[in-house]
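Here is the structure we will look at, set down as structure tokens.
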Amino acid sequence: MKYFIKTFGCQMNVHESEKLAGMLFSLGYSQTDDMNNANVIVFNTCCIRDGVEQKIFGNIGSLKKLKSKNKNLIIAICGCMSQAEGRVDVIKKRFPFVDIIFGTHNIHMFKDYLLSKINCNSNTYDVWEKEKGIFEDVEIKRDNMFSNAWVNINYGCNNFCTYCIVPYVRGRERSRKMEDIENEVKSLISAGYKYITLLGQNVNSYGNDIDDKNVNFANLLQKLSSLDGDFRLKFMTSHPKDLTEDVIKVIANNDKIAKVIHLPIQSGSNSILNAMNRRYTREHYLNLITLIRKYMPYAYISTDIIVGFPGETDDDFMDTYNLINEVKYDGVFAFMFSRRSGTIADKLPDQISEDIKKERIHKLLALSKSITKEKNREIVGQIFNVIAVKDTDDGFEVMTDSGKTMFVKEHLDINKFYNAKVVKMTNNKLFAEIVC
């Protein structure tokens, strides 16, 4: 018996697909990369943009032929798109060959739904309207030991940014117990995982829903980084309104925490930030950058940008452009605003034309590319903690905590950490020497 899982969307969905795989594996299924060989096909969906949703509908439609060839094939649709209002009825009407539909709040029930189909030939369309707490002990099947091991620390979102559908499909914030997180991380360290990434829509708000002032993100990082073992902690995503100096200090003072912070700004304009309901200002954000660089001068800082939000003027765009030039990010992920039905921003006046959005995003990406080249030249001579990845024609490939690749001449042990000094840059490739 074989299963095929196709994942759309963010790291949260990727990790939830690991849980779906774990439940299937516990029932005796093995993974296949070919849908034609699968007994069970699962689409774990995203609905962050209307365009993504239409793409997913197209992918679901393509399964009709497979179902007609194999009447015993079981098709399940889950994730954020399933959770969105009215989508279950749409899927049932357009794709009557789908056997199972469930949402984000009841992913832990997938095994029961599958067994009901296998044993009773009973279809299940079950999407919970509201979250019902946190369900531990769900099976997880992780693959590559080198890859990040994802660990949820909280679920849901309370922020209601005007462009975002996430709070409506993921529910309100719920934090896991600190001891449950610690036990999961301990088991991953024992299993040999080198990178462990803490996941949440907003990791900085961890513990806000728990009536204990000692349960917060800074204390969680401190506790996990004190565990024995050869590993690195990473996390995503931070919200600027909740990032504190205490958290920054903990990151700076612990060698086992990667000096990597993804801090989405979305816009450099205060008026656009207000329209987005981000609840911080440009000035507050820049103060955070100053704090990060005060404690960690060489921290890797990346960000997300939305270009062409409704009402964005040329001056608003230049505020963003100038902020990027001032901060000099190590990585910029820029997206053109895409209308998403069910959000406030979809109904705002002064929608920006696609031509203007494209022009602006090209300017941002060109700036970001030039900054990246400049920063690569600047790191020649610096020492980084790296992990050995594989042998290549350019030498042994190593990777920093931020994902930046370098090449060294020495033969290394895969999945082992080293300190490497960058010695030169050639054709935008970085070359290093192991120093210890």
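The values are calculated or read from the model by the stated rules, or taken from the named source; none is laboratory data. All values derive from a computational prediction rather than experimental measurement. Quick reminder, even Gly has a Cβ in these numbers, built from the backbone with ideal geometry, and neighbours come from all protein chains shown. Note: accessible area is taken over every heavy atom of the protein model, side chains too, but ligands, DNA and RNA are not part of it. Shrake-Rupley method; radii C 1.70, N 1.55, O 1.52, S 1.80 Å.
Within the range 38-54, being out of contact with any helix residue (DSSP H, G or I) (no Cβ under 7 Å at 6 or more places or on another chain) and either part of a loop (DSSP other than H, G, I, E, B) or among the acidic types (D, E) (or both) holds for A38, N39, I48, R49, D50.
Given the criterion of a type in the set (G, A, S), touching a residue at least 60 places away in the same chain (Cβ under 8 Å) and open to solvent by 20 Å² or more (accessible area, probe 1.4 Å), identify the matching residue among G331, G311, G342. If you could, list the steps in order and put the result at the bottom.
Numbers: G331 fails: open to solvent by 20 Å² or more (accessible area, probe 1.4 Å); G311 fails: touching a residue at least 60 places away in the same chain (Cβ under 8 Å).
Testing whether each residue is of a type in the set (G, A, S), touching a residue at least 60 places away in the same chain (Cβ under 8 Å) and open to solvent by 20 Å² or more (accessible area, probe 1.4 Å) leaves just G342.
Criterion applied to G9, G28 was being open to solvent by 10 Å² or more (accessible area, probe 1.4 Å), part of a loop (DSSP other than H, G, I, E, B) and in contact (Cβ under 8 Å) with a residue 40 or more places away in the chain, and the one residue passing it is G9. Residue pairs whose Cβ atoms lie under 8 Å apart, sitting 6 or more positions apart in sequence or on different chains, and linking a residue in the range 279-304 that is over 14 Å from S402 (Cβ atoms) to a partner that is modelled with pLDDT under 95 and open to solvent by less than 10 Å² (accessible area, probe 1.4 Å), are R293/A299.
For (1) under 18 Å from I356 (Cβ atoms); (2) of a type in the set (F, W, Y); (3) modelled with pLDDT under 95, each residue gets a yes or a no:
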residue	(1), (2), (3)
R293	no, no, no
S302	no, no, no
I305	yes, no, no
F309	yes, yes, no
D315	yes, no, no
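When the range 188-210 is filtered for residues that are over 23 Å from V389 (Cα atoms) and open to solvent by 30 Å² or more (accessible area, probe 1.4 Å), the ones remaining, listed by number, are Q201, N208, D209, I210.
Here is the figure for the range 401-436: residues that are over 10 Å from I383 (Cα atoms) and of a type in the set (A, V, I, L, M, F, W, C) total 10. Is it the case that some residue within the range 393-409 is open to solvent by 40 Å² or more (accessible area, probe 1.4 Å), of a type outside the set (A, V, I, L, M, F, W, C) and at positive phi? No, because not a single residue in the range 393-409 is open to solvent by 40 Å² or more (accessible area, probe 1.4 Å), of a type outside the set (A, V, I, L, M, F, W, C) and at positive phi.
Please go through the range 185-220 and pick out each residue that is among the aliphatic types (A, V, I, L, M) and more than 27 Å from P264 (Cβ to Cβ).
Of all residues in the range 185-220, those among the aliphatic types (A, V, I, L, M) come to 185, 188-189, 191, 196, 198-199, 203, 210, 215, 218, 220.
If the condition is that a residue be among the aliphatic types (A, V, I, L, M) and more than 27 Å from P264 (Cβ to Cβ), then I189, A191 are the ones that fit.
Being in contact (Cβ under 8 Å) with a residue 12 or more places away in the chain and crowded, with 21+ Cβ neighbours inside 10 Å is a property that does not hold for D34. The single condition among (1) closer than 22 Å to V260 by Cα; (2) part of a helix (DSSP H, G or I); (3) open to solvent by 20 Å² or more (accessible area, probe 1.4 Å); (4) modelled with pLDDT of 95 or more that L364 does not satisfy is (3). Of all residue pairs spaced 6 or more apart or on separate chains, those with beta-carbon atoms under 9 Å, a first member in the range 211-224 that is crowded, with 18+ Cβ neighbours inside 10 Å and a second member that is aromatic (F, W, Y) are N216/Y206; F217/Y206; F217/F235; L220/Y206; L221/F235. Scan the range 246-259 and tell me whether some residue there is over 16 Å from V151 (Cα atoms), within 18 Å of the chain's Cα centre (by Cα) and either open to solvent by 30 Å² or more (accessible area, probe 1.4 Å) or modelled with pLDDT of 95 or more (or both). Yes - at least one qualifying residue is present in the range 246-259. E18 passes every criterion in (1) within 19 Å of the chain's Cα centre (by Cα); (2) part of a helix (DSSP H, G or I); (3) at pLDDT below 95 apart from (3).
The set of residues in the range 135-150 that are farther than 17 Å from K111 by Cα and in contact with a Phe, Trp or Tyr (Cβ under 9 Å, 6 or more places away or on another chain) comprises R142, M145, F146, S147, N148, A149.
For N208, the criteria (1) part of a loop (DSSP other than H, G, I, E, B); (2) closer than 30 Å to I77 by Cα hold in every case but one, which is (2).
For L233, indicate whether it is in contact with a helix residue (DSSP H, G or I) (Cβ under 8 Å, 6 or more places away or on another chain), crowded, with 17+ Cβ neighbours inside 10 Å and either among the small types (G, A, S) or farther than 21 Å from N419 by Cβ (or both). No, not satisfied. Within the option set I306, I352, I371, being open to solvent by 10 Å² or more (accessible area, probe 1.4 Å), closer than 23 Å to E283 by Cα and either of a type outside the set (D, E, K, R) or within 23 Å of the chain's Cα centre (by Cα) (or both) holds for one residue only, I306.
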